[in-house]
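Each remark here refers to the structure printed beneath this line.
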Amino acid sequence: MHHFYAALPHLSCQSAKVEATCNLPNGIGIVKLMGRSAGYISAFSSLGSGDVDLVLVPEVPIVLDGPKGCLPHLLRRVREQGYAVVVVAEGAGEEILGESSETDASGNKKLPQIGEFLKEKVAQFFKANGSEATVKYIDPSYMVRSVPANAADSQYCMQLAQNAVHGAMAGYTVRTLASQQQSWGSAAS
């Protein structure tokens with residue numbers, strides 16, 4: 001059981017599918033989710049939804065063209081089922097679009113606009129291959145981050161805090177506490 005329900009945006013994946021299927025034939029829904037440096041949320045949201053055809057994460061460089069490219073894969077999926085759903089982590093694509101030296105108001109590095117870039121590239125690729133595609137892009141951004149914690153989130157935080165205090169009182173320092181497969185443990189960091 002994973003305890004990030006408040007941040008896990010299943011609805012965003014479902015919204016992308018609705019956009020794609022409402023624009024048949026050749027509807028494509030692209031949704032950008034949180035994940036500046038890691039695609040954990042994008043990957044688990046995609047697995048949880050069961051509707052996603054392509055997931056792009058910062059850990060894996062994006063290949064657009066060629067036999068293993070994202071764009072030919074999307075064309076095949078659309079030809080097979082009439083639509084496709086793409087989930088992209090916000091930090092994906094820096095190897096294509098470049099890294100920014102600018103920072104936002106919070107001091108975080110500004111990320112390239114991967115969602116808009118993909119939307120444009122998908123449309124161009126389909127047109128170059130004799131098809132038209134209706135590409136819809138969804139960026140839930142801070143709406144996902146502002147979802148209030150639910151009971152499972154609160155319980156998980158309480159368990160982390162209690163076990164951290166128990167570990168500290170037992171003399172453990174420089175440790176990381178985590179829940180793995182329903183049991184608690186700590187590891188030296």
Item to check | Carbon + sulfur, % of accessible area of the range 15-148 - ligands and nucleic acids excluded, 1.4 Å | outcome: 53 percent
Checklist outcome for this item: Expressed in square angstrom to the nearest 10, the accessible area of TYR156 with a 1.4 Å probe stands at 50 Å²
Item to check | For GLU59, residues with placed amide H under 5 Å, excluding near neighbours | outcome: GLY39
Item to check | Cα-based Rg of the range 34-138 normalised by 2.2 N^0.38 Å, two decimals | outcome: 1.10
Item to check | Residue-normalised accessible area of the range 73-129, expressed per residue, 1.4 Å probe, Å² | outcome: 53 Å²
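The values are calculated or read from the model by the stated rules, or taken from the named source; none is laboratory data. Just so it is clear, the structure is predicted and the values come from calculations on it, not from any experiment. What goes into the accessible areas is simple: the full protein's heavy atoms, side chains included, and nothing from ligands, DNA or RNA. Shrake-Rupley method; radii C 1.70, N 1.55, O 1.52, S 1.80 Å.
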